[in-house]
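K.L.:
Questions regarding the structure given below will be posed in turn.
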Amino acid sequence: MPAETAYPCSCAFTLDSELMVSLVRSAQLDDATAIARVHVATWRSAYRGLLPDEFLASLSQSHYEERWRRSLQDNQARVYVAEHAEGVVGFASGGRERAGESGYAGELYAIYVLEEAQGHGHGRRLVQAVVSGLREMGLADMIVWVLRDNGSARGFYERLGGVYVRSQPISIGSAQLEEVSYGWKSLDDLRY
């Protein structure tokens, strides 16, 4: 009989308001397809009206699947998924701050939850998982960038205690937009 290999699991189980089991865990390589599916679907719903329709329609799940496979293999970022009975409903990633932003060593790179799965605590639990990953990396603070006109995401970060840092222009496809950053000078400042 082959020996079993134990893998450490950074995961949490909770019950949401509908009494369905929800799991947040470290993403594995075989999650790349599900993460890509969520990535494309959430961009199409979250950025409808903010980005050109033709750009959103052009998003390719296979392109994002390959991108997530590379990301999950290089181990530079901490990536987590939120699961429900129907499968992966959200993901988040974070790691070392990438742009040289003064005063922040950690960054929440991305967090997306399917529209139909929002409002059940997946986002908060995903942020908690990323914060745990940042702590494991020896990072004590965090910044996140969000489109200025994405009011629901901005409200989410504000409820978590994020403080406005600054804004800057960003190009996505043919759209010229503004993004704003929120920061937490200490990971202990996050309010879940």
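None of the figures in this text is laboratory data; all of them are computed from the coordinates on show. Quick caveat, the model's predicted, so the values are computed rather than measured. A quick note on method: Cβ atoms are made from the backbone with ideal geometry, for glycine too, and the neighbour counts reach across all protein chains shown.
K.L.:
Please state the relative contact order of segment 45-192 as a whole percent: Cα pairs under 8 Å, 6+ residues apart?
P.N.:
That works out to 20 percent.
K.L.:
In nm, what is the difference between 0.36 nm times the number of residues separating residue 48 and residue 60 and their Cα-Cα distance?
P.N.:
Stretched fully, the residue 48-residue 60 segment lengthens by 2.7 nm.
K.L.:
At a 10 Å Cβ-Cβ cut-off, how would you order 81, 180, 130, fewest neighbours first?
P.N.:
180, 81, 130
K.L.:
Please go through segment 30-111 and write out the GluC sites (Glu not before Pro) that DSSP classes as loop and that have at most 16 other C-beta atoms within 10 Å.
P.N.:
Passing both the DSSP loop test and the Cβ count: 86, 101.
K.L.:
In the set (1) 75, 51, 36; (2) 59, 38, 36; (3) 80, 40, 28, which value of Cα extents along the principal axes in Å was calculated from the structure you see?
P.N.:
Answer label, from the structure shown: (2).
K.L.:
Can you sort 142, 137 by how many other beta carbons sit within 10 Å, fewest first?
P.N.:
137, 142
K.L.:
Among 149, 141, which comes first, second and so on when ranked by fewest other beta-carbon atoms within 10 Å?
P.N.:
149, 141
K.L.:
Quick one: if the Förster radius is 41 Å, what FRET efficiency do residue 148 and residue 30 give, using the C-beta to C-beta distance and rounding to 0.05?
P.N.:
After rounding to 0.05, the efficiency reads 0.70.
K.L.:
For segment 52-151, how big is Rg over Rh, using alpha carbon atoms and the Kirkwood form of Rh?
P.N.:
Result: Rg/Rh = 0.98.
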